[in-house]
1. Can you confirm whether A:R198 is part of a loop (DSSP other than H, G, I, E, B) and either among the basic types (K, R) or free of Cβ contacts under 8 Å to residues at least 40 places away in the same chain (or both)?
2. Assess whether A:A245 counts as being of a type outside the set (D, E, K, R), touching a helix residue (DSSP H, G or I) at 6+ places or on another chain (Cβ under 9 Å) and buried (at least 16 other Cβ atoms within 10 Å of the Cβ).
3. Please find, within the range A:325-345, the residue that is most open to solvent (accessible area, probe 1.4 Å) out of those that are assigned to a loop (DSSP other than H, G, I, E, B) and within 12 Å of RNA strand B (Cβ to nearest atom).
4. Quick one: would you say A:L252 is open to solvent by 40 Å² or more (accessible area, probe 1.4 Å), under 15 Å from the mean Cα position of the chain (by Cα) and in the same structural domain as A:D26 (by TED's automatic domain parsing)?
5. Show the residue pairs meeting these rules: Cβ distance below 6 Å; 6+ apart or different chains; first residue within the range A:275-295 and within 11 Å of RNA strand B (Cβ to nearest atom); second residue of a type in the set (D, E).
6. If you check every pair at least six apart or on different chains, which have Cβ atoms under 8 Å apart with a residue in the range A:100-122 that is open to solvent by 40 Å² or more (accessible area, probe 1.4 Å) first and a residue that is more than 13 Å from RNA strand B (Cβ to nearest atom) and part of a loop (DSSP other than H, G, I, E, B) second?
7. Between a residue in the range A:213-237 that is at pLDDT below 85 and any residue that is outside any helix (DSSP H, G or I) and of a type outside the set (S, T, N, Q), which pairs come within a Cβ distance under 6 Å, given they are 6 or more apart or on different chains?
8. In the range A:151-190, what count of residues is obtained for those that are over 21 Å from A:D261 (Cβ atoms), more than 12 Å from RNA strand B (Cβ to nearest atom) and part of a loop (DSSP other than H, G, I, E, B)?
Amino acid sequence: MDTIKGIKGVKDILPEETPRWRFIEDAARRWALAYGYQEIRIPIFELTALFARSIGSSTDIVEKEMYTFPDRDGSSLTLRPEGTAGTVRAFIEHNRAADPVPQKYFYLGPMFRHERPQAGRLRQFHQFGVESFGTSDPRADIEVIALLWRLLSDLALPDLTLEINSLGGAGDRAAYKPLLRSFLSQQESRLCENCRRRMETNPLRVLDCKVPDCRTVTESAPRLTDHLSPDARTHFDQVLEGLTAIGVPYRLNPRLVRGLDYYCLTSFEVTSTHLGAQNAVGAGGRYDGLVETLGGPSVPAVGFAVGLERMSLMLPPESFSSTNDCHFYVAAFGEKGTRIGLVLLDELRRAGLSTQCDYRSTTLKAHLRQADRLQCRYAILLGDDEANCGSITLRNLESKAQENLPLAGLPSLLKSRVSL
RNA sequence: GUGGGUGUAGCUCAGCUGGUUAGAGCGCCGGAUUGUGGAUCCGGAGGUCGCGGGUUCGAAACCCGUCACUCACCCCA
C-alpha cells in the first residue's frame, strides 16, 4: 500500500513551527492596521484571464508557472500566483473608487507558482501584501515603503537593504527602450544568450542579469533614471526626500527592474544576504495603469508583497516565544479519581484555565512525566485518596511544592491564588 | 525545463578497497521507586539499507534505471 505524500514544493507547517508563523503574521497585521490598511480576503482562484491581463502575458509567471485548470463549464481558472490582481479585481467589482476615504488594503495568504522548489521558494508559498489605491502623491509611495521597512526591522531580520529605482511613466520607458536597445546591440557579442533574446522581448531585464559579463556591459548603458520626464523625476525625488526625512535608509539601484508588467515609477525591493540565492524578502512599486487595464476607472496605486517563508527563514529564533501556554495538568488516576477528574478537567477549562491531560496515562508516574513533557506549570493530583476526602493535591512542577486544596470551587480558587 | 548533492531506526548520522547476526548518539517503552516528573543506572523494542533490475559465491556498498528530498541555474516574494 503506497502512502500518499504531499505535493512537491507544498509544505506542512507543523505545530512546532506555527508559533513563529503567528508571530510574523501578527506583526504584519499590527503594522498594517497601524498604517491604516484594512484586511481584505480575496479568493484563492480566479479566472485565468485576470492574471494574464494584469501580470503580463509574456512574463514567466503567466507563461509557465501558473496552476491553471478548466472549470466544469470549460472556463479557465487559475490558482492565484500573487495577490495584486485579485485585490484590484475586487476593488473594481465593488466600485470602491466611489468611496471617499482612501482605499488601503492588506492581505495575507497562500500563493501558487509551479517552479522548481529551492531554498526560500515553494510552489505553495505565503505572502503578506498591501495595496494603496487612489493616491498618486509620492507620500503614498513613502508610506508603503515605510510600512514594509518598519515591519521587517521590527522583526529584527538581519542585514536588510532597501533598493529603489524609478521606472518612469509609460512614455519614458517607450522613449528609453530604443536607446537601450541600440546600446545593447552594439555590445551584443558580449552578452549571454539569454540577454540577446531579452534584448528584443524585454530589454530592461538585461539590466538585472546576473552574468558578470553582462553586468560589465550594462555598467555603461544609458540609465532610465537619466531619461525621466520632469513629472517622473519630481515624483522620484520627492519619494527619496521623504524616505530620508523619516529615516528609512535606501540604496539607489538603476538596474532594479521588476518582473511584472504593471509596475511604473517607483520600484523597490528589500533584500538580505541570509536567504541563499533568493535574496529578495519583499518588493513592490507603483502600478498606476493597472486598475484601468482591468476595466476599472483610472486610479493610481502602489503596493508591495513580502514572502512569509523568507521572513521566517531569517527570523532570529530568540525573538519569539514558543513556550506552551498550558498551565495545568490534571493527573487523575484510580477508579474514583479518574471519574472525578473528567469533571474537574471540564470545569477548569470552562473557567478559562488552560488545562491538559493524557488519557492514556493510568499511573501517577506516567501522568507526571507527561505533565513535564507538556511543560505545564502545575499538576493537579487526583487519586482515590484525594477523591475520598473531596480534595486535590496541587503540585508546583518547578518548585515541587505541594498543598492540599478542596475540590469544591477549585477553579475560582486557582484563578485567585495562582499568578500566571 | 536544466545541472549538482543526498537517500541506512522516530531524529541526527557512522558503516573502510563488496564478506556473513546493519551500528552509535538522542528519543521511545519498561524496571530500580506497587501515589510523585526532569537526573543517574540497568534492560528492551524499533530497520522492505528510497524503489526496480543487473554484476557477484556474496551488495547498504559496484553498475543501470527510477522516484523522492535538497541546493543551484532560470525566474521570483
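1. Details: part of a loop (DSSP other than H, G, I, E, B): no; either among the basic types (K, R) or free of Cβ contacts under 8 Å to residues at least 40 places away in the same chain (or both): yes.
No: the conditions fail for A:R198.
2. Working: of a type outside the set (D, E, K, R): yes; touching a helix residue (DSSP H, G or I) at 6+ places or on another chain (Cβ under 9 Å): yes; buried (at least 16 other Cβ atoms within 10 Å of the Cβ): no.
No, not satisfied.
3. Residues of the range A:325-345 that are assigned to a loop (DSSP other than H, G, I, E, B), as a first pass: A:325-327, A:333-334.
This time we only want the ones that are within 12 Å of RNA strand B (Cβ to nearest atom), so: A:333-334.
On the way: A:F333: 50, A:G334: 30 Å².
Of everything passing the filter in the range A:325-345, A:F333 is most open to solvent (accessible area, probe 1.4 Å).
4. Working: open to solvent by 40 Å² or more (accessible area, probe 1.4 Å): yes; under 15 Å from the mean Cα position of the chain (by Cα): no; in the same structural domain as A:D26 (by TED's automatic domain parsing): yes.
No; evaluated as a whole, the condition is false for this residue.
5. That search, which allows pairs on different chains as well, returns A:A280/A:E269; A:A283/A:E269.
6. A:P102/A:G36; A:P102/A:G134; A:P102/A:T135
7. Filtered contacts from the range A:213-237: A:C214/A:L191; A:C214/A:C192.
8. Selection size over the range A:151-190: 5.
The values are calculated or read from the model by the stated rules, or taken from the named source; none is laboratory data. Predicted model only: the values in this text are computed from it and were never measured. So basically every Cβ, Gly included, is an ideal-geometry build from the backbone, and we count neighbours across all protein chains shown. Surface accessibility is based on the protein's heavy atoms, side chains included, excluding ligands, DNA and RNA. Shrake-Rupley method; radii C 1.70, N 1.55, O 1.52, S 1.80 Å.
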